[in-house]
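In what follows, a single structure is set out as structure tokens and then discussed.
The values are calculated or read from the model by the stated rules, or taken from the named source; none is laboratory data. Keep in mind the model is a prediction, meaning the values are calculated, not measured. With ideal geometry, Cβ positions are generated from the backbone for all residues, glycine too; neighbour counts draw on all protein chains shown. We work out accessible area using only protein heavy atoms, side chains counted, and drop any ligands, DNA or RNA first. Shrake-Rupley method; radii C 1.70, N 1.55, O 1.52, S 1.80 Å.
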Amino acid sequence: MRSYPEPRVARPGRNRLRPFVLAGALPLALSACSESAARGWEPSTRDTTNQTGRIIDMWVGSWIAALAVGVFVWGLIIWAVLVYRRRRGETGYPAQVRYNVPIEIVYTVVPL
């Protein structure tokens with residue numbers, strides 16, 4: 001008995017995505033074609049006004065601070081995930097911590 005290869009099944013929707021991919025890639029390819037467009041909001045020189053250098057330094061400093069806080073928070077998240085993951089053989093919920101009214105009062109009063 002002769003065996004025939006399986007017929008190829010066309011993937012539906014593959015050609016329907018092509019216009020959307022092109023529509024998304026076109027603005028990226030056409031943007032920032034000149035030096036002034038690549039710089040965006042930033043002035044061309046640090047002496048555009050008498051405050052330009054201070055403002056640029058402030059923005060750079062705030063981005064560095066935001067990056068540092070973000071790295072610290074992600075590090076804490078990853079640490080908590082690794083340290084407090086469920087161990088092999090454990091079942092059920094972990095021991096639940098009940099109310100601690102003094103700490104809750106401090107957490108409410110101090111920010112106020």
Here are the criteria: (1) open to solvent by 90 Å² or more (accessible area, probe 1.4 Å); (2) at pLDDT 95 or above. Tell me which single one residue 107 does not satisfy.
(2)
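Conditions (1) β-branched (Val, Ile, Thr); (2) surrounded by 10 or more Cβ atoms within 10 Å (Cβ to Cβ); (3) at pLDDT 85 or above; (4) in contact with a Lys or Arg (Cβ under 7 Å, 6 or more places away or on another chain), marked per residue:
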| position | (1), (2), (3), (4) |
| --- | --- |
| 53 | no, yes, no, yes |
| 60 | yes, yes, yes, no |
| 70 | no, yes, yes, no |
| 73 | yes, yes, yes, no |
| 78 | yes, yes, yes, no |
| 82 | no, no, yes, no |
| 87 | no, no, no, no |
| 90 | no, no, no, no |
| 95 | no, no, no, no |
